[in-house]
Protein chains: 4
Amino acid sequence: MNLPRSFASDNSAGVHPKILQAIVSANQGHAIAYGEDPFTESAVRKFQEHFGDNIEVAFVFNGTGANVVGLSTITRSFHSILCSEVAHINVDECNAPERLAGCKLVPIPTEDGKLTIEQIQPYLRGFGVEHHAQPGVISITQTTEFGTVYRPQEIQVLADFAHRHGLLIHMDGARLSNAAASLDVPLRQITTDVGVDVLSFGGTKNGMMFGEAVIFFDRQLAETLRYFRKQCTQLASKMRFIAAQFEALLSNDLWLTNAQHANLMAQRLAEGLTGIPEIAIMQPVEANAIFAAVPKEIIPSLQEHYYFYVWDEPRAEVRWMTAFDTTEEDVRAFIEAIKKARHAAHGY
Amino acid sequence: MNLPRSFASDNSAGVHPKILQAIVSANQGHAIAYGEDPFTESAVRKFQEHFGDNIEVAFVFNGTGANVVGLSTITRSFHSILCSEVAHINVDECNAPERLAGCKLVPIPTEDGKLTIEQIQPYLRGFGVEHHAQPGVISITQTTEFGTVYRPQEIQVLADFAHRHGLLIHMDGARLSNAAASLDVPLRQITTDVGVDVLSFGGTKNGMMFGEAVIFFDRQLAETLRYFRKQCTQLASKMRFIAAQFEALLSNDLWLTNAQHANLMAQRLAEGLTGIPEIAIMQPVEANAIFAAVPKEIIPSLQEHYYFYVWDEPRAEVRWMTAFDTTEEDVRAFIEAIKKARHAAHGY
Amino acid sequence: MNLPRSFASDNSAGVHPKILQAIVSANQGHAIAYGEDPFTESAVRKFQEHFGDNIEVAFVFNGTGANVVGLSTITRSFHSILCSEVAHINVDECNAPERLAGCKLVPIPTEDGKLTIEQIQPYLRGFGVEHHAQPGVISITQTTEFGTVYRPQEIQVLADFAHRHGLLIHMDGARLSNAAASLDVPLRQITTDVGVDVLSFGGTKNGMMFGEAVIFFDRQLAETLRYFRKQCTQLASKMRFIAAQFEALLSNDLWLTNAQHANLMAQRLAEGLTGIPEIAIMQPVEANAIFAAVPKEIIPSLQEHYYFYVWDEPRAEVRWMTAFDTTEEDVRAFIEAIKKARHAAHGY
Amino acid sequence: MNLPRSFASDNSAGVHPKILQAIVSANQGHAIAYGEDPFTESAVRKFQEHFGDNIEVAFVFNGTGANVVGLSTITRSFHSILCSEVAHINVDECNAPERLAGCKLVPIPTEDGKLTIEQIQPYLRGFGVEHHAQPGVISITQTTEFGTVYRPQEIQVLADFAHRHGLLIHMDGARLSNAAASLDVPLRQITTDVGVDVLSFGGTKNGMMFGEAVIFFDRQLAETLRYFRKQCTQLASKMRFIAAQFEALLSNDLWLTNAQHANLMAQRLAEGLTGIPEIAIMQPVEANAIFAAVPKEIIPSLQEHYYFYVWDEPRAEVRWMTAFDTTEEDVRAFIEAIKKARHAAHGY
C-alpha cells in the first residue's frame, strides 16, 4: 500500500518521525478539549518564542482553513482582498474566501508570484465610494506559489504601503519555513518585524500530519478570532494533537532543518536539470519548488512512475516539489528518469 | 502534563491504541494528497461493508465540518432545517450552518432530544410561498445531545414523514456508534435501512484523533459534495491519516467495542448514583451520557478535581460523559467523590 | 382592472394623493443619482426634525431591505438576533437575515408579539464561549405583527436590559406610525428617547408607493451603513423619488393622519365585530390589525369577495388589516358581509 | 430645487411623462400585493410579446438586484462567473454577487468591454477539480459599460461556446434597449434568439422611476427564482407600480423611442466633439455613452456646471452619457462649454 516518494507536492510526504513521536507521547489520559489543555498552552509559548510575546495564536486543521479564518476576522464583506493572480486563496480554495468572508478577491498578474506596490497601486481605488469594494487587505504568499521568496525589505515596503492606505497585510505562510530557511533569517524577520498583520503558518507541508496556525501580530485585531475559527469549522476538539506537533516542529530547529533539507533537494534537482537540453527552469529556485518547461512528449511517460502536476498545459510547464523527506537518491533517480524519458522521445 | 480521566466529554479522551497504531503504520513513503490514495480507497470500502455499496463517503476533519458539508450539499439558502432545540447544529456550531448554508434553523422543543412527527408537524408550513423559508431538511441526532437513542422504527417513521413532504433526513451521528451499541443493531439498521439521506458519522468521540465522515445514501444527492467539502475548508491534504483511522475503527468491531464500553461505564455510573440522595437522573441513560440534577453546592468542590459541564445552571443539572477509555475504577472513584462532596455540603 | 378595497394588508392600498403629487413634482430635470440630490438632503432634514439631529438615515426600497441593511451593519456573523417567534424577520423574509447577515435568529414565543425581559433572559447565554452564537441584537417590532403596541416605558426597559448585556436594540418599524398614533406620542418618544439603536421606518404601508428608511441613532454604529445598503441591493439610483415621498409623508402630519385613520377604521371594525356571535377577537386592537377567530365555514365565502390571510389554519384565525384609505363604508360593508356569511353558514 | 440636465448618467434623468402617467393611473383602489395583481399579469404578457411565450419574468427594484437575483438562481457558491473586467457586477455592486451568490467573479481584460471566446478560453479550466471554482456563467453586458454593442452573431457565438462547455449566459441588460435601438433589431434578436439564458432587463435608465426585470428564457432554470428574489430583498409589495411602468415602456415602442433618442444625442455630442482639438473619443459611440480623453485642466471648470464622472483619472478620460430627455440644445450648450473650458485653459 506504499507509494514511491514523488515530486508532486510537499503534502505527499508523510509525518516527520519526531512529530509522530510527539503525537504518540501526547496520547496519555484525558485533556480538556478545544484548546484548554497544557499541550496547547505550551505550544503557544513556543510560538511566542519565535514570533514575540504579543501575538495571538489559533491552531486550525488546514491551510484553506487558516486563510479563511484569518481573512474573515479582519474583513467585512464589502472589502476586497488584493492578491497575486496565482495566490492559493484565489485559485485553490474553491471560493471559500468569497463564500465565507463575502469579500471580492482582486487577482493581480505577476511574473514570479511576488507583488510590488507598482502592481498593486492601480487597484487601490474607490475608497469611500459605496458602489465599489473597499480595498481592505493585501494578501501575499511566502514562499510564493511559484517557489519564490520575498526579501524582508520587500515585505516591509508592502506593509508600509498597505498601512499608509488603511489596508492590512495577510500572509499565506503555508511554506513560511522554507522562505526563512532560504533567506537564512529567523521567522520573525519576515513576519513580526516587517509589518505583517495576520499570518497563516504552515505545519502540514513541513512534516506535520495536519495542523496550521493563524497568528495575529496585533491582539486587538484578534478579538473575534475565536468565533470565526469555530464558525469556519476549524476548531479541533482533541486540540492537544495539533499542539504537540507544533511543539515538536518549533523545538530544536526541526522546522528549519526540514525546510532547509527540502530547499536543498530542490537545488540539487535544479542543478541536475541544468545539463539537460530542452528543459528550461522558469522561475528562480529559491525554496522547494521547481517550475520547468519540458518537451511535451516526456510528461506522460514520466507520470507513469512519478505523480506530479502540469502547471500550464499549453506551455508544457510542470511543477516539481521536494519535501523534508526527499533523499539525494530520490533526486538522482528522478533526474535519470527525466533524461531517459527525454531520450526516448527525442532519440539523442 | 497529564490530566486525570474526566467525565467532561468523550472528546477529552485520547486516541485508542489500535487507531494510533494505524496512524503510525500509514506513515510510510509518499501518498497522493486529498484522498487519491490507497488508504482512502480501502477505508471507503470498509464504509461500504457497513452501510452498503451505493453510498458516497467524504472524510472531513470534525463534527461541525461534517454537518455543514452535508447540509450545504443538500440545501439552498431559502431552506429551513428543522431540528431539536438542543441540536448541536443549533447550539454548538456558532452559526456555521446559517453562515455557510444560509439556511434558517428551526429549533423545536423536545423532552429528551428526540423529535416526533407530532412535534415537527406544526413547523411544516409555508410550502411554495416565497416569503417563508421552505422546509428542506429534518436533522436528528443519534445518539441525541441528551444521550437518548432513536429506535430504528422511530427513524423510519420520521424519514417516511420527511420524504412524504419533500424533505430530506440528515442525521448528526457524532455518537452513532453508541446508539448502535445501545440498540445492539448494525450501523445500517439505524441509517441505510430506515431512510436516512445524509449522515455525519463520528470518529473523534469514539477513539479517533480527528476525523469524521459524511455519508450520502443516494449518490445523486452527492454530486456537489466534493466542492462543498473543499469550500467549507474540510478537505484534508494528508487524507491517508484520517482514512487509516477509520480503517482501524471499522475493523474487528473496534467501533462497537469502544462504544459498548463507554455505554457500560455510563450504566455503572448511573447505578452508583442511584443510591445517593438528592441526585436525580434526568434523562434515560441509553448511551454514554448522564444528565443529573445535583445539590448546587457540590458542583464547585467536585469540579476542583473533575472537569465537567453544567448543562443548566438554574436547575443545577450537570452532564457527565463516559468514553472508550473510562475504567470501572474511574467510575468508582467518581462516585466516591460525589458522595464525599455531598456529605461535606450536607453533613449527613 | 381595479380591485375593491380589501382587508388583506395595508400594502394592498395604493399611494396617498399628496405623496403621489410629491412624486410628480420631483420629476423635473436631472438630479444626481444615489442620494446626492437636494430632495434627499431635504428629506433627511425632515427625519432630523422628528428623530433628532444626531441620526444617520439611509433610504431603501422595502421593509425586508431595511431590516437586513440595519442588521447587517450592526452584527457580525457569529451574533444571534433575539426576536419574537412571529417577527417579520423570522417568518416573512425567506432567510434574508440569515443569508445576508449570517446570524442566527432566535425565535422567542410570546402571547401578543411583544417581548419582555423575562422572556428574553433565558436566551442570554453562552457569552464569550466560541461554540455558541453570541447574543448581539434584540429585535422588536412596533407595532407588532399582532397589531399590538409597546408602551414607551416597555421599550426603555428592553433597551436598558439590552445595553446592560452589551446588546443593541433593533426596531422593525414598518408600522411605527400606527404605534405613535395609537399612543398619541411623537415618533421620537418610542425610538430616540427610549434607547432604540437602529430603526426600520416604514413608508410603504402608510401611504407611500415604495420606500423605507433605516435610521441609526448613534452615528458611530452607522459607519459601514452605506456599504451594506449598496451590497444588500437596496441603493436606489433615482433616489429623489423616495426622498420626495418621505418629505410629503413627514410634512403636515400626513404620517400621523394616515396612521390615525387606519387605526380608527380598525376600531370601527372591531366594534362592529363585537356584536357578532362566534367571532372572537384574539389580540388587543391597538393599531390597524385585527386577529379574529371565526367559524371555519365562513372563510371561503368571505374570500370570494374579500382577499385576506388566514393566520392560523387549525384555529381558523384570520388577520384583517385597515389602511389609510379604508373608508367607514368599507368597514360597514365588510361587517355586513361577515354577518351574511355567518348567517348563511349557521342559519341563525 | 431643480438641476440642469447633466451628462453624468442616464439615471440622472427623471421619469418619462407617459410612464409617470401610467403610475398615476395605476393608483386606484386596492391590489393584491407582491405581484398577484392584474397590472403585473398584464405587464408579463407584454414581456412575452417581446421575448416569447416561454419566458419567466420577475420584476425587481434595481439593476444590482436584478443581477444578483438572476445569478443567485443559476449558480451554486462553488461556481465562478466570468465577466469583463469593467462589468458592473465586478466593479459597481460592492461585492453583492460574491456575498449573496458566494461565487467568484473572474474579471477578464477587454479593449471595448466586449468579451470574445478567445479572451474567455484561458479561464475555462479546473472543471471537475474540487480545489478550483467551477466555471458556471459567462456574464456579458449589453450595451457594455463602454457604450459598445454586441452584434447578434457575437452573442450567439458566445452562447454556443458557453453551452458547449456547460456554462450559462447571463446578460446584464440595464441598457439593452439602447443596444436594440443601435442595431435596429427587436429585443428578442439579441436575447431570446441568440442563446441568452438569463437577462437583467433595464427600465430605470430608459425612463422609468425604478424597476428592472429578471427574465429567464428557460423556465426550468427559474424554479427557485421566486425565493431568491424575496431573499435578495428585491420583492416589491406594491408591485403594480413597477408593472404599470413596464406596461407603458413596452407599449407603443416607448422603450425604443427613448433609447433611439438617447443614442442620437450621443451621436450629436460625438459629432460636436470631433472638431475640438485635444479631445479624443476613446470608444466607438454605438449607444448613449461617450468616453473621451480630454485635457486634464478642463475637467474642474466643466464640472462647475456639469456633473459627470472621470472614468480614468491618470488618463484624464471622462464618461459622458445622454438620456431619453437630453435635448439638442443641451448637447449644443455642452459642446460650447467644453470649447470654452478648453479655450480658457489653453488660450487658443
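For this structure, a couple of remarks:
- Residue check for residue B:293: under 23 Å from residue C:124 (Cα atoms) and open to solvent by less than 30 Å² (accessible area, probe 1.4 Å): yes
- Filter pass, residue D:208 being hydrophobic (A, V, I, L, M, F, W, C), over 17 Å from residue D:82 (Cβ atoms) and open to solvent by less than 30 Å² (accessible area, probe 1.4 Å): yes
- Hits in the stretch C:211-221 - residues which are over 17 Å from residue C:188 (Cβ atoms) and surrounded by fewer than 22 Cβ atoms within 10 Å (Cβ to Cβ): C:220, C:221
- Restricting B:187, B:176, B:199 to those that are of a type in the set (A, V, I, L, M), free of Cβ contacts under 8 Å to residues at least 60 places away in the same chain and in contact with a Leu (Cβ under 8 Å, 6 or more places away or on another chain) reduces the list to B:176.
- Selection within the stretch B:62-98 - β-branched (Val, Ile, Thr), away from chain D (no Cβ under 14 Å), crowded, with 22+ Cβ neighbours inside 10 Å and within 17 Å of the chain's Cα centre (by Cα): B:64, B:89
- All positions within the stretch A:208-234 that are assigned to a loop (DSSP other than H, G, I, E, B), within 26 Å of residue A:193 (Cα to Cα), within 14 Å of chain C (Cβ to nearest Cβ) and touching a residue at least 60 places away in the same chain (Cβ under 8 Å): A:224
- Residue within the stretch D:330-345 that is within 19 Å of residue D:149 (Cα to Cα) and within 26 Å of the chain's Cα centre (by Cα) present: no
- Checked against (1) within 14 Å of chain A (Cβ to nearest Cβ); (2) assigned to a loop (DSSP other than H, G, I, E, B), residue B:287 passes all but a single condition, namely (1).
- Yes/no for residue B:237 being open to solvent by 10 Å² or more (accessible area, probe 1.4 Å) and within 12 Å of chain D (Cβ to nearest Cβ): yes
- Scan the stretch B:85-104 for residues that are free of Cβ contacts under 8 Å to residues at least 24 places away in the same chain and part of a helix (DSSP H, G or I) and the total you get is 3.
- Filtering the stretch B:240-254 to residues that are more than 10 Å from every other protein chain (Cβ to nearest Cβ) and either buried (at least 24 other Cβ atoms within 10 Å of the Cβ) or of a type outside the set (D, E, K, R) (or both) leaves B:243, B:245, B:246, B:248, B:249, B:250, B:251, B:252, B:254.
- Criterion violated by residue C:260 - all others in (1) modelled with pLDDT under 95; (2) under 17 Å from the mean Cα position of the chain (by Cα) satisfied: (1)
- Residue check for residue D:38: away from chain B (no Cβ under 14 Å), farther than 28 Å from residue D:290 by Cβ and at pLDDT 95 or above: yes
- Single unsatisfied condition, residue B:326 versus (1) buried (at least 16 other Cβ atoms within 10 Å of the Cβ); (2) away from chain A (no Cβ under 12 Å); (3) out of contact with any Asp or Glu (no Cβ under 6 Å at 6 or more places or on another chain): (2)
- Of all residue pairs spaced 6 or more apart or on separate chains, those with beta-carbon atoms under 9 Å, a first member in the stretch C:299-310 that is open to solvent by 70 Å² or more (accessible area, probe 1.4 Å) and a second member that is assigned to a loop (DSSP other than H, G, I, E, B) and of a type in the set (A, V, I, L, M, F, W, C) are C:307/C:7; C:307/C:8; C:307/D:32; C:309/C:8.
- Positions within the stretch C:247-284 being not in a helix (DSSP H, G or I) and not β-branched (Val, Ile, Thr), in sequence order: C:250, C:251, C:252, C:253, C:275, C:277, C:278, C:280, C:282, C:283, C:284
- Any hit, the stretch B:52-59, residues being closer than 28 Å to residue A:238 by Cα, within 14 Å of chain D (Cβ to nearest Cβ) and not aliphatic (A, V, I, L, M): yes
- Residue tally, condition open to solvent by 20 Å² or more (accessible area, probe 1.4 Å), at negative phi and more than 8 Å from every other protein chain (Cβ to nearest Cβ), over the stretch A:107-131: 16
- Some residue of the stretch A:13-26 being open to solvent by less than 50 Å² (accessible area, probe 1.4 Å), more than 10 Å from every other protein chain (Cβ to nearest Cβ) and not β-branched (Val, Ile, Thr): yes
- Any hit, the stretch B:250-257, residues being over 16 Å from the mean Cα position of the chain (by Cα) and over 30 Å from residue B:59 (Cβ atoms): no
- Any chance residue C:145 is touching a strand residue (DSSP E or B) at 6+ places or on another chain (Cβ under 8 Å), within 9 Å of chain B (Cβ to nearest Cβ) and under 30 Å from residue C:209 (Cβ atoms): no
- Candidates D:58, D:101, filtered to the one that is among the aliphatic types (A, V, I, L, M) and open to solvent by less than 10 Å² (accessible area, probe 1.4 Å): D:58
- Filter result (of a type in the set (A, V, I, L, M) and open to solvent by 10 Å² or more (accessible area, probe 1.4 Å)) within the stretch C:27-54: C:32, C:44
- Number of residues in the stretch C:297-342 that are part of a loop (DSSP other than H, G, I, E, B) and under 21 Å from residue D:33 (Cβ atoms): the value is 10.
- Residues in the stretch D:294-348 that are within 22 Å of residue C:27 (Cα to Cα), touching a strand residue (DSSP E or B) at 6+ places or on another chain (Cβ under 6 Å) and of a type in the set (Ser, Thr, Tyr): none.
The values are calculated or read from the model by the stated rules, or taken from the named source; none is laboratory data. Worth saying up front: this structure is predicted, and the values here are computed from it rather than measured. A quick note on method: Cβ atoms are made from the backbone with ideal geometry, for glycine too, and the neighbour counts reach across all protein chains shown. The protein model used for the area step is the full one, side chains on, heavy atoms only, and it has no ligands, DNA or RNA in it. Shrake-Rupley method; radii C 1.70, N 1.55, O 1.52, S 1.80 Å.
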